[in-house]
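Q: One structure follows; several queries about it will come next.
The values are calculated or read from the model by the stated rules, or taken from the named source; none is laboratory data. Small disclaimer: the values here were computed from a predicted structure and weren't measured. Positions of Cβ are backbone-derived with ideal geometry, glycine not excepted, and every protein chain shown enters the neighbour counts. With ligands, DNA and RNA removed, areas are computed over all heavy atoms of the protein, side chains included. Shrake-Rupley method; radii C 1.70, N 1.55, O 1.52, S 1.80 Å.
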Amino acid sequence: RTGNFPCYASYARRQECRDGLCVCTADNYNLYTCEVEVGNCTIFRGTSSVGLGVAAPGTYTLGSRNSCVTDDNQEREVHVIGTYGNASYNSYRTPDRLVPKDWFNVKLVQRGPLTKPLVLVVASYYPMAWDLDVPDGVSIDIVHVSGQTSPSFSASSQVSAPSGKVGRTVIDWISYGYGYDHTGGSTAVLLQNVNDLYGPVTSFTGYQHFKSVILQVGGDPLEVLDNPAS
């Protein structure tokens, strides 16, 4: 263990004992805290987290929020939302018929000018049905959906958004993670792949499970609103 944190870089098979402490030597993990670090996106959890996305008040969540915010991307505004996801069996009740259980909502709130193309990456282990609530004056250049597609799932992830609000939708597996890789996923791989495709992330928001997230877009990403729903 390293302080209060378990050394969970074993997912990348890179850990070692130094002076009685387990340290994480895998790429994109902090050596001593074992938290995910990709560029300047360092994941913080729970009350320590500061982010542009937050679960909508009164809606279901499981686990703490895991998040980061940066101002490193000069070409795009890139937001990533990660979760394990949720699925249910269809009427045949067979494990090979897993389908998206319900729609999961992402509500965008504009808090300042949008000066760069907006990219939204939504990632989950299970196929998810994503419902995007996009306000007037905001459009999304690219929505990238990363959800597993395999013979075990009878459907792939899908996206619903108001007409004309999304320029292009990409459905392509680039890993998943919700910021706490000790319990599953590979957030480090996900964020590195996003970085390779779209440049450094502007924000990451992760919950193990959630029903609805409010995401702030536009303006200075380092100025986080206390009440993004207003």
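Q: From the list Ala87, Ala9, pick out the single residue that is modelled with pLDDT under 75, touching a strand residue (DSSP E or B) at 6+ places or on another chain (Cβ under 6 Å) and buried (at least 24 other Cβ atoms within 10 Å of the Cβ).
A: Ala9
Q: Please find, within segment 200-225, the residue that is nearest to Gln74 (Cα to Cα) out of those that are in contact with a helix residue (DSSP H, G or I) (Cβ under 9 Å, 6 or more places away or on another chain) and buried (at least 22 other Cβ atoms within 10 Å of the Cβ).
A: Val201
Q: Within segment 16-47, count every residue that is among the charged types (D, E, K, R) and exposed (fewer than 14 other Cβ atoms within 10 Å of the Cβ).
A: Taking segment 16-47 and keeping what is among the charged types (D, E, K, R), we get 16, 18-19, 27, 35, 37, 45.
Among the residues that remain, those that are also exposed (fewer than 14 other Cβ atoms within 10 Å of the Cβ) are: 16, 18-19, 27.
So the count comes out to 4.
Q: For the condition open to solvent by less than 10 Å² (accessible area, probe 1.4 Å) and either at pLDDT 95 or above or within 23 Å of Asp72 (Cβ to Cβ) (or both), what is the one hit in Leu132, Leu114, Leu197?
A: Values: Leu114 fails: open to solvent by less than 10 Å² (accessible area, probe 1.4 Å); Leu197 fails: open to solvent by less than 10 Å² (accessible area, probe 1.4 Å).
After ruling out the rest, the residue left standing is Leu132.
Q: Among the listed residues Pro127, Pro95, identify the single one that is at pLDDT below 95 and open to solvent by 40 Å² or more (accessible area, probe 1.4 Å).
A: On inspection, the qualifying residue turns out to be Pro95.
Q: Asp102 passes all but one of (1) charged (D, E, K, R); (2) modelled with pLDDT of 95 or more; (3) over 14 Å from Pro200 (Cα atoms); which number fails?
A: The single condition Asp102 does not satisfy is (2).
Q: Considering each residue of segment 202-226, count those that are over 15 Å from Met128 (Cβ atoms) and in contact with a Leu (Cβ under 6 Å, 6 or more places away or on another chain), and give that number.
A: Qualifying residue count, segment 202-226: 5.
Q: For segment 21-63, give me the residue count where each residue is touching a residue at least 24 places away in the same chain (Cβ under 8 Å), part of a loop (DSSP other than H, G, I, E, B) and more than 18 Å from Asn193 (Cβ to Cβ).
A: Here the count works out to 12.
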